[in-house]
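Note sheet for the following structure.
The values are calculated or read from the model by the stated rules, or taken from the named source; none is laboratory data. What you are looking at is a predicted structure, and each value in this text was computed from that prediction instead of being measured. Cβ sites come from the backbone with ideal geometry, for glycine too, and all protein chains shown count toward neighbours. Accessible surface areas use protein heavy atoms only, side chains included; no ligands, DNA or RNA. Shrake-Rupley method; radii C 1.70, N 1.55, O 1.52, S 1.80 Å.
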Amino acid sequence: MGQHKNGLEEYFILKDGKRLRYGYTTGSCAAAAAKGAAWMLLHGEPLEETALMTPKGILLHLLIQEIRMEKDKVSCGIRKDGGDDPDVTDGILVCAEVSLREICIHGGPGVGRVTRKGLSVPPGEAAINPVPRRMIREELERTAKEAGYTKGFDVTIWIPRGAELAEKTFNPRLGIEGGIYVLGTSGIVIPMSE
């Protein structure tokens, strides 16, 4: 069986003669997981893969994992691929649980909380940056429209082992406690160093 094609096969940088491949952000994972869970909730059947257009204009095809379907909610995860960028979040599962309500985005276990001013998210809020929030909202609105659903969704993003992994990041020094900061302005990870 060949390797899954995620849409990034042609994207890389050359550094010191090495080909370093692109990856995708925790924000892209969160948006794709929310979209996949919403689709499964509206259609009542499992979905193996979902497509996500990143703000950078790269279309990703991401495998959906750990699907749990109940009558009134669905949860699933997307595994992050940071490409060849050394990142503690590479390989983590970013999960979303979606139920039918108005669109409201929450941070669950493993997603940090902002404790200080100065970040793009106000203190007290879940550490999910504005671009991933917008991506989640847009994907849910598009999924609802395609299914003829006119109400909204309640979304909780969570990251297994996120609190443990966050201790290996700069998050605590930035005023983010209890988990990972869901980031991404372009939706794509461009490798910065080895």
* May I ask you to list the lysines whose Cα is less than 30 Å away from that of Lys71, ignoring any residue fewer than eight positions away on the same chain? => Lys35, Lys80, Lys145, Lys151
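When the convex hull of the C-alpha atoms of segment 106-159 is computed, what volume per residue in Å³ does it have? Show your work: numbers first, answer last.
Numbers: hull volume 4.2 nm³, N = 54.
Once divided by residue count, the hull of segment 106-159 is 78 Å³.
Please report, in whole Å³, the volume per residue of the convex hull around the C-alpha atoms of the chain.
Working: hull volume 23.6 nm³, N = 194.
Taking only Cα atoms, the chain has a hull volume of 122 Å³ per residue.
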* To do: Evaluate the distance, in nm, between pseudo-label points positioned 7 Å from the Cα of Lys56 and of Asp72 along their respective Cα→Cβ axes.
  => 4.0
* Considering only protein heavy atoms and a 1.4 Å probe, what is the carbon-and-sulfur percentage of the accessible area of the chain? -> 50
* **Sparse-neighbourhood loop sites, trypsin sites (Lys or Arg not before Pro) in segment 57-101 - DSSP loop, at most 15 other Cβ within 10 angstrom** => Lys71
* What are the ³J(HN,Hα) values, in whole Hz, obtained from phi via the Karplus relation 6.51 cos²θ - 1.76 cosθ + 1.60 with θ = phi - 60°, for each residue of segment 52-65 in sequence order, with x given for Gly and Pro? -> 9, 8, 7, x, 6, x, 9, 8, 9, 10, 10, 6, 8, 10
* Using the heavy atoms of the protein chains and a 1.4 angstrom probe, tell me the accessible area per residue for segment 1-103 in square angstrom. => 52
* **Qualifying trypsin sites (Lys or Arg not before Pro) in segment 113-194, DSSP loop, other Cβ atoms within 10 Å at most 14** => Arg116, Lys151, Arg161, Lys168
* Asked: Simple spin-label model, 7 Å along Cα-to-Cβ: Lys117 to Thr185 in nm?
  -> 2.2
* Asked: Residues with amide H under 5 Å of Leu100's amide H, sequence separation 5 or more or different chain, H placed in the peptide plane at 1.01 Å from N; which?
  -> Asp154
